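Novice: Here you go, one structure.
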Amino acid sequence: KAFKILPGQLGIITEEGFAFDNILIQEAPTSDAGLVELIRPRSGCGLGATDTVEIRIQNSGTTPIFNFGVSYILNGGAAVNETYTDTIIPGDSANFAFSATVNLSTLGSYTLRTYSSLTGDGNAANDTLDITFQNIPTISTFPYTEGFESGNGGWVSGGIANSWQVGAPAGVVINSAAAGTQAYVTNLSGTYNNDEVSFVVSPCFDFSSLSQPQITFAMWLENESGFDGTILESSIDGGQTWQKVGALNDPI
C-alpha cells in the first residue's frame, strides 16, 4: 500500500495550510481497550446531584476484550472502580455507564478523569480521558445585568489559545471598562494570542417569562482587519449546536 495526503487547491491564501509529523505504522496490538469519548456529563445548565458518567470504549486490538476494569476520578478525589463485563469484538466500540453517580449540583468547573485497566493492554496511550466541564447557572429573573465587578458572573471562557480575562482593562487601546472598573477582555494588558479560536459562554437563560427577549452590551473592538473577527451566537440545546445572532456586518 501507499498513502497520499491531498491538501486541496491552495490558491492565494494567508492561512498556514497543513502539517503532519511522527508517522507510525505497526502491527495492531493483540489487546487494546481505548477510551474514545466521554458521552456524559458535559457542560450544561442545572447539572444534578446524581448525574451519570458514561464513556465509549473502542477495541483497537485483534482479539475480543471483556471483563476489564473501568474507573473515574472526579476533581482529584478517590477513584471509582467498576467492571465492563460484556464482550467488544475487534474494531467495534461500546458504551459503558457507571452505576455510581456523581454530584455536580454545585455551580462551577469540574475535572473528570476516566480510564480503562485491561490486562495485557498493548497501547496505554489511549487508556485515559481527561475532561473539564462546567455546571452553568440558569437565569430566570429579568431584567438581568452583569458588569463583572465581582468576577465572571458565571460567564466562562475556553477554546484554543484562550486569552480571555476578567479584570481592569489596561491595554494601549482597550484601557477602561464601560461602567465600573472591570470587564471581560482578551488579555487585560495586551494583544490576544496568535491563532486564537476562543470563546466566552454565558449562563443559561430561561426566557419563558419574556415574549421578545433582547440583549444589549457595550463593546470595544480592535481586531486585525481582514483576518480576525468576533461574532455572537446562541444555542437552544445546551451548547450542542450554535447559530449566529443577526447577520454578519450588520450596521451598528
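Novice: Is it fair to say A183 is farther than 22 Å from S140 by Cα and modelled with pLDDT of 95 or more? Even if it seems obvious, please write down each step before you answer.
Specialist: On the way: farther than 22 Å from S140 by Cα: yes; modelled with pLDDT of 95 or more: yes.
Considered against the rule, which asks whether it is farther than 22 Å from S140 by Cα and modelled with pLDDT of 95 or more, A183 comes out as yes.
Novice: So which of A79, A124, A28, A49 ends up being among the aliphatic types (A, V, I, L, M), open to solvent by 40 Å² or more (accessible area, probe 1.4 Å) and within 26 Å of S235 (Cα to Cα)?
Specialist: On the way: A79 fails: within 26 Å of S235 (Cα to Cα); A124 fails: within 26 Å of S235 (Cα to Cα); A28 fails: within 26 Å of S235 (Cα to Cα).
Residue meeting the stated conditions: A49.
Novice: Would you mention how many residues in region 82-113 are over 25 Å from the mean Cα position of the chain (by Cα) and part of a strand (DSSP E or B)?
Specialist: Start the filter on region 82-113 by keeping residues that are over 25 Å from the mean Cα position of the chain (by Cα), which leaves 82-92.
Okay, now just the ones that are also part of a strand (DSSP E or B), so 82-84, 88.
Here the count works out to 4.
Novice: While we're looking at this one, here's another question. Filter region 180-196 down to the residues that are open to solvent by less than 70 Å² (accessible area, probe 1.4 Å) and farther than 24 Å from C45 by Cβ and list them by number.
Specialist: Restricting attention to region 180-196, the residues satisfying the condition of being open to solvent by less than 70 Å² (accessible area, probe 1.4 Å) are 180, 182-188, 190, 192-193, 196.
Hits for region 180-196 are G180, Q182, A183, V185, T186, N187, L188, G190, Y192, N193, E196.
Novice: Right, something else. May I ask you to verify whether S43 is among the small types (G, A, S) and within 20 Å of N126 (Cα to Cα)? Before the answer, list the steps.
Specialist: Details: among the small types (G, A, S): yes; within 20 Å of N126 (Cα to Cα): no.
Taking the combined requirement at face value, the residue does not satisfy it.
Novice: List the pairs whose first member sits in region 14-25 and is closer than 27 Å to E224 by Cβ, whose second member is modelled with pLDDT of 65 or more and part of a loop (DSSP other than H, G, I, E, B), and whose Cβ atoms are under 9 Å apart, counting only residues at least 6 apart or on separate chains?
Specialist: Listed by first residue and then by second, the contacts come to T14/G226; T14/F227; E16/D195.
Novice: Quick check on my filter: what residues within region 148-178 are more than 25 Å from G239 (Cα to Cα) and open to solvent by less than 60 Å² (accessible area, probe 1.4 Å)?
Specialist: Answer for region 148-178, where residues must be more than 25 Å from G239 (Cα to Cα) and open to solvent by less than 60 Å² (accessible area, probe 1.4 Å): G167, A168, P169, G171, V173, I174, S176, A177.
Novice: So R42 ticks every box in (1) of a type outside the set (A, V, I, L, M); (2) under 30 Å from F207 (Cβ atoms); (3) in contact with a Ser or Thr (Cβ under 7 Å, 6 or more places away or on another chain); (4) open to solvent by 90 Å² or more (accessible area, probe 1.4 Å) but one. Which box is left unticked?
Specialist: Status for R42: all satisfied but (3).
Novice: If you scan region 27-53, which residues turn out to be more than 21 Å from the chain's Cα centre (by Cα), touching a residue at least 24 places away in the same chain (Cβ under 8 Å) and assigned to a loop (DSSP other than H, G, I, E, B)?
Specialist: Here is the first cut: in region 27-53, the residues more than 21 Å from the chain's Cα centre (by Cα) are 27-33, 49-50.
Now restrict to residues that are touching a residue at least 24 places away in the same chain (Cβ under 8 Å): 28-33, 49-50.
Correct list: A28, P29, T30, S31, D32, A49, T50.
Novice: Exactly one of (1) in contact (Cβ under 8 Å) with a residue 24 or more places away in the chain; (2) closer than 30 Å to S31 by Cβ; (3) among the polar types (S, T, N, Q) is unmet by S105. Its number?
Specialist: In the conditions (1) in contact (Cβ under 8 Å) with a residue 24 or more places away in the chain; (2) closer than 30 Å to S31 by Cβ; (3) among the polar types (S, T, N, Q), S105 misses (2) alone.
Novice: Now a separate question. When the residues of region 197-234 are narrowed to those that are at pLDDT below 90 and hydroxyl-bearing (S, T, Y), which ends up surrounded by the most Cβ atoms within 10 Å (Cβ to Cβ)?
Specialist: So, considering only residues that are at pLDDT below 90 and hydroxyl-bearing (S, T, Y), the one surrounded by the most Cβ atoms within 10 Å (Cβ to Cβ) is T230.
Novice: Quickly run through region 114-141 and pick out the residues that are part of a loop (DSSP other than H, G, I, E, B) and within 24 Å of F199 (Cβ to Cβ).
Specialist: Initially, region 114-141 is screened for residues part of a loop (DSSP other than H, G, I, E, B), giving 118-123, 127, 137, 140-141.
Within region 114-141, P137, S140 qualify.
Novice: Let me ask something else about it. Which ones in region 54-71 are hydroxyl-bearing (S, T, Y), open to solvent by 10 Å² or more (accessible area, probe 1.4 Å) and either farther than 11 Å from I89 by Cβ or not in a loop (DSSP other than H, G, I, E, B) (or both)? Before you say what the answer is, go through the steps one by one.
Specialist: Let us first name the residues in region 54-71 that are hydroxyl-bearing (S, T, Y), namely 60, 62-63, 71.
This time we only want the ones that are open to solvent by 10 Å² or more (accessible area, probe 1.4 Å), so: 60, 62-63.
Within region 54-71, just S60 meets the criteria.
Novice: Output the residue which, of all residues in region 173-211 that are hydroxyl-bearing (S, T, Y) and not in a loop (DSSP other than H, G, I, E, B), is nearest to F148 (Cα to Cα).
Specialist: Let us first name the residues in region 173-211 that are hydroxyl-bearing (S, T, Y), namely 176, 181, 184, 186, 189, 191-192, 198, 202, 208-209, 211.
Now restrict to residues that are not in a loop (DSSP other than H, G, I, E, B): 184, 186, 198.
Values: Y184: 7, T186: 14, S198: 19 Å.
Among them, the one singled out is Y184.
Novice: Return yes or no: is S225 closer than 18 Å to Y144 by Cα and assigned to a loop (DSSP other than H, G, I, E, B)? It would help to see each step written out before you state the result.
Specialist: Working: closer than 18 Å to Y144 by Cα: no; assigned to a loop (DSSP other than H, G, I, E, B): yes.
The answer is no for S225.
Novice: Something else about it: Can you tell me which condition I139 does not meet? The list is (1) farther than 30 Å from G34 by Cβ; (2) β-branched (V, I, T); (3) surrounded by fewer than 16 Cβ atoms within 10 Å (Cβ to Cβ); (4) in contact (Cβ under 8 Å) with a residue 60 or more places away in the chain, and all the others hold.
Specialist: (3)
The values are calculated or read from the model by the stated rules, or taken from the named source; none is laboratory data. These figures come from a predicted structure and were not determined experimentally. Neighbour counts are summed over all protein chains in view; Cβ atoms, including those assigned to glycine, are modelled from backbone coordinates with ideal geometry. For the accessible areas, the whole protein counts, side chains as well, though only heavy atoms, and no ligand, DNA or RNA atoms are used. Shrake-Rupley method; radii C 1.70, N 1.55, O 1.52, S 1.80 Å.
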